[in-house]
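As structure tokens, the structure follows; a few thoughts come after it.
The values are calculated or read from the model by the stated rules, or taken from the named source; none is laboratory data. Source: prediction; values computed, not measured. As a convention, Cβ positions derive from the backbone with ideal geometry for all residues, glycine included, and neighbour counts pool all protein chains shown.
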Amino acid sequence: MDDGEADSAADRWPATTVEALNDYLSTGIHKVNGWCVPQLWQSIWPLALEIGPGPVAEIGVFEGKFLIGLCKTFDAAGRFDAIALDVFDMQEFNLDGAGVGKKDILASNIEAHGLDKGALHCVEVDSLTLRSREAQEFCERYGRVAFFSVDGCHEVVHTVRDIEFAMEVTENNGLIAVDDYTNPNWPGVQEAIARMYLMRSYAFVPLVVTCNKLLLCSLSYHAKYLKVIENYLRAHHETTRFKRVTRFGFPTLTVQPNLQTWTDLAMPD
Ligand SMILES: C[S@@+](CC[C@H](N)C(=O)[O-])C[C@H]1O[C@@H](n2cnc3c(N)ncnc32)[C@H](O)[C@@H]1O
């Protein structure tokens, strides 16, 4: 991926791609089992326009609800790879039992939503075994990803290590999402984030909390991405409430869309 601004967002995202994404977010997403809401894209979409198309990956895919949306957003499973890391049939390593990842259902959902099954790579793995060597092999095979979603086991140790793996394989201008950050049923996620940011310094830092997820981005892009989201929300989602708050010393946004309504994502003017 290139940080340069050679192409405009409209060149990189043909109208048909934006239409297909809006179509998935308004109807398709509700036909796939899993956990995520379309309003999350009010924060992801303006950043995707900055980042550009590229591979996407997720630890903990279940049946692909979020991954399919990411593929459509970043034009993965079409032009790029989509990497699905999950214990799948090794459920003895799914220590919290929050959903059982199913390869066959994931593949058929990917296909049913118009994506190329050949670009989907299912990696059956206990995420606790992912180390630097696996991160290096991942990058050699697929390249660094534009977006990495962490949504596997919610234990503290899994969450910390999954995020650290994500940091190793995500482009410096990319995003990492951590699911269930505000879910009271999975306090391990908040504890993991607190341990990480109180005890160490990372290149990827908290950016936004919205719709049950915490988004992280590199400090290199942090100030720019905050402004990009605020400008986009002001221009296109006027009922969404957002506020700047400090988390672990970093300015961040809390974004609260109206979850009762859906408004199509827009290309900036
Ligand atoms: C909450 S579900 C993921 C939901 C999904 N992201 C969605 O969009 O609906 C959690 C997933 O994590 C997987 N999982 C649990 N423990 C894991 C581990 N140790 N390593 C990798 N995946 C794991 C489960 O099999 C399950 O598919």
Helices (runs of 4 or more DSSP H) within segment 145-237 that include 2 or more residues within 24 Å of residue 134 (Cα to Cα) and touching a residue at least 24 places away in the same chain (Cβ under 8 Å): 156-169, 187-199
Listed residues 47, 85, 40, 70; which is surrounded by 20 or more Cβ atoms within 10 Å (Cβ to Cβ) and more than 13 Å from the ligand (Cβ to nearest atom)? 47
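Taking the criterion of being away from the ligand (no atom under 12 Å from the Cβ) and assigned to a loop (DSSP other than H, G, I, E, B), would at least one residue in segment 103-113 satisfy it?
yes
Could you say whether any residue in segment 11-20 is assigned to a helix (DSSP H, G or I), at negative phi, under 12 Å from the mean Cα position of the chain (by Cα) and among the charged types (D, E, K, R)?
So the first thing to find is which residues in segment 11-20 are assigned to a helix (DSSP H, G or I), and the list is 11-12, 15-20.
Subsequent filtering for residues that are at negative phi retains 11-12, 15-20.
Filter once more, so that each one left must be under 12 Å from the mean Cα position of the chain (by Cα): none.
Looking through segment 11-20, none of the residues is assigned to a helix (DSSP H, G or I), at negative phi, under 12 Å from the mean Cα position of the chain (by Cα) and among the charged types (D, E, K, R).
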When restricted to 54, 78, the only residue more than 16 Å from the ligand (Cβ to nearest atom), outside any helix (DSSP H, G or I) and crowded, with 20+ Cβ neighbours inside 10 Å is 54
Positions within segment 9-37 being acidic (Asp, Glu) and either within 16 Å of the ligand (Cβ to nearest atom) or under 20 Å from residue 234 (Cβ atoms) (or both), in sequence order: none
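Taking residue 130, is it under 20 Å from residue 167 (Cβ atoms) and either more than 16 Å from the chain's Cα centre (by Cα) or crowded, with 17+ Cβ neighbours inside 10 Å (or both)?
yes
May I ask you to verify whether residue 174 is small (Gly, Ala, Ser) and within 14 Å of the ligand (Cβ to nearest atom)? Full working, then the answer.
On the way: small (Gly, Ala, Ser): yes; within 14 Å of the ligand (Cβ to nearest atom): no.
Here the answer is no, as residue 174 does not meet what is asked.
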Assuming residue 246 fulfils every condition listed in (1) part of a loop (DSSP other than H, G, I, E, B); (2) of a type in the set (S, T, N, Q); (3) over 22 Å from residue 149 (Cα atoms) apart from one, which condition is it? (1)
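Just to be sure before I move on: is residue 191 more than 23 Å from residue 43 (Cβ to Cβ), of a type in the set (Asp, Glu), more than 15 Å from the ligand (Cβ to nearest atom) and more than 13 Å from the chain's Cα centre (by Cα) in the structure I sent? Step through it out loud before you land on a result.
Details: more than 23 Å from residue 43 (Cβ to Cβ): yes; of a type in the set (Asp, Glu): yes; more than 15 Å from the ligand (Cβ to nearest atom): yes; more than 13 Å from the chain's Cα centre (by Cα): yes.
Considered against the rule, which asks whether it is more than 23 Å from residue 43 (Cβ to Cβ), of a type in the set (Asp, Glu), more than 15 Å from the ligand (Cβ to nearest atom) and more than 13 Å from the chain's Cα centre (by Cα), residue 191 comes out as yes.
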Mind listing whichever residues of segment 88-127 are exposed (fewer than 13 other Cβ atoms within 10 Å of the Cβ) and in contact with a strand residue (DSSP E or B) (Cβ under 7 Å, 6 or more places away or on another chain)? 89, 90
Give me the pairs, please: first residue somewhere in segment 253-269 and at pLDDT below 90, second residue anywhere and in a loop (DSSP other than H, G, I, E, B) and among the hydrophobic types (A, V, I, L, M, F, W, C), beta-carbon distance under 8 Å, and either six or more positions apart or on two chains. 267/13
Starting from segment 93-118, take each residue that is farther than 21 Å from residue 25 by Cβ and list its partners that are surrounded by 15 or more Cβ atoms within 10 Å (Cβ to Cβ) and of a type in the set (Asp, Glu), counting only C-beta distances under 7 angstrom and pairs at least six apart or across chains. 93/126; 95/155; 96/155; 101/86; 102/63
